[in-house]
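Engineer: Let me give you the structure first, and then I'll get to my questions.
The values are calculated or read from the model by the stated rules, or taken from the named source; none is laboratory data. Just so you know, these numbers come straight off a predicted model, no measurement behind them. Using ideal geometry, Cβ is built from the backbone for each residue, glycine included, and neighbour counts are taken over all protein chains shown. Remember, those area values only see protein heavy atoms, side chains included, never the ligands or the DNA or RNA. Shrake-Rupley method; radii C 1.70, N 1.55, O 1.52, S 1.80 Å.
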Amino acid sequence: MENFQVIDNCLMVKLPEEVDHYQAGYICQEADRFLMEENVCHVVFDFEDTVFMDSSGIGIIMGRYKKIACLGGKVYAINVGRQIRRILDLSGMSALVEVLA
Amino acid sequence: MNNEMELLFDARSTNEGLARVAVAAFVAHLNPTLEELSDIKTAVSEAVTNAIIHGYGNLQGYSRHGEVRPSAGDYFPGKVRLACKLADGVLDVTVEDQGKGIEDISKAMEPLYTTMPELDRSGMGFAFMEAFMDHLEVESSPGKGTRIHMRKKMTSGSWIPGEE
């Protein structure tokens, strides 16, 4: 199950098992709410539980990146497995996002 | 062994999961690698999502627990047809809708091009289908619908010899 947590100035987003279009709306909405209401500078996406992601996941990351990059924030992807890594590489996201296995 | 299956479902976002799991199960007996399986699931997910949100414009269900996002409109009834064929270790997947169709296919296939940036769509759908499958064909006529055909050679080959 996805969840959101603010630690210092970082928003931690734990992504669900499957990140698809169906799940994406809620995640974007909630993440943006935290970005607006809390004093958040960086966003960390945690892929620990995630076994499937399609381009909807790229949309989630890209959208959050656009929102915080102009204010000097950074986006991180952690616990990235092989499949997720391929998707991030293929979409060029690994150039914008700090990817940590 | 040759095998075929067909699945017809409502154009609702919840069914994206159904579609990719069905295709994964369909090829499971070939003992595909995790990578192959994930490639196929991603490609199917992209095609089906496109049919639902672009073909039929069904954006609701675009949230958890049946909550509807304000930007989500009415439900436009429609069906998505998913057909799979396995012959000689080659998987053919067809995803078909009777939705609004695509005006400019080559524009739609450009990476990062999306008609729905406000919904955080990345515009990578067709790029992923192309990258993860060996062959991609898009037929569409505006007002009539779209048919996506994808093909992938399964490295695990055909049925284990001696079992038939």
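Engineer: Just need the Rg to Rh number for segment A:3-99, please, alpha carbons only, Kirkwood Rh.
Structural biologist: Ratio of gyration radius to Kirkwood radius for segment A:3-99: 0.92.
Engineer: Counting only protein heavy atoms and using a 1.4 Å probe, what share of the accessible area of the protein assembly as shown belongs to carbon plus sulfur, as a whole percent?
Structural biologist: Details: 6310 of 12270 Å².
Carbon plus sulfur share of accessible area: 51 percent.
Engineer: In addition: Considering the Cα trace of segment A:1-42, what is its radius of gyration and what is Dmax, both in angstroms?
Structural biologist: Cα-based Rg and Dmax for segment A:1-42 come out at 10.4, 30 Å.
Engineer: Could you sort the peptides A:85-91, B:22-28 by per-residue average Cβ neighbour count (10 Å cutoff), highest mean leading?
Structural biologist: Descending mean neighbour count gives A:85-91, B:22-28.
Engineer: Here's another thing I want to ask about it. Show me, for segment A:45-50, the HN-Hα J-couplings you get by feeding each phi into the Karplus relation (A = 6.51, B = -1.76, C = 1.60, θ = phi - 60°), rounded to Hz, glycine and proline as x.
Structural biologist: Here the 3J(HN,Hα) series is 9, 9, 9, 3, 8, 7 Hz.
Engineer: Under the 0.36 nm per residue contour assumption, what length would be gained going from the current alpha-carbon distance of B:S106 and B:M1 to full extension?
Structural biologist: Using 0.36 nm per residue and subtracting the Cα-Cα distance, I get 34.2 nm.
Engineer: A follow-up question, please. Given a 10 angstrom Cα cut-off, can you work out which residue in A:A77, A:A24, A:A69 is the most mobile in a GNM of chain A?
Structural biologist: Looking only at A:A77, A:A24, A:A69, the largest GNM fluctuation is found for A:A69.
Engineer: I've got another one for you. Of all beta bridges DSSP finds with both residues in segment A:3-99, what is the antiparallel percent, to the nearest 5?
Structural biologist: 30
Engineer: Cα convex hull of the protein assembly as shown: how many Å³ per residue?
Structural biologist: Residue-normalised Cα hull volume stands at 125 Å³.
Engineer: Would you mind giving the total buried accessible surface between chains A and B, with a 1.4 Å probe and ligands, DNA and RNA left out, rounded to the nearest 100 Å²?
Structural biologist: Answer for the A-B pair: about 2600 Å² buried.
Engineer: Quick check on my link table: of A:K67/B:K152; A:K14/B:K144; A:K66/B:K41; B:K85/B:K144; B:K79/B:K153, which ones sit more than 32 Å apart, alpha carbon to alpha carbon?
Structural biologist: Values: A:K67/B:K152 37 Å; A:K14/B:K144 40 Å; A:K66/B:K41 28 Å; B:K85/B:K144 24 Å; B:K79/B:K153 28 Å.
Listed pairs above 32 Å: A:K67/B:K152; A:K14/B:K144.
Engineer: If the viscosity is 1.306 mPa s and the temperature 10 °C, what translational diffusion coefficient in µm²/s does Stokes-Einstein give for segment B:3-153 when Rh comes from Kirkwood over Cα pairs?
Structural biologist: 102
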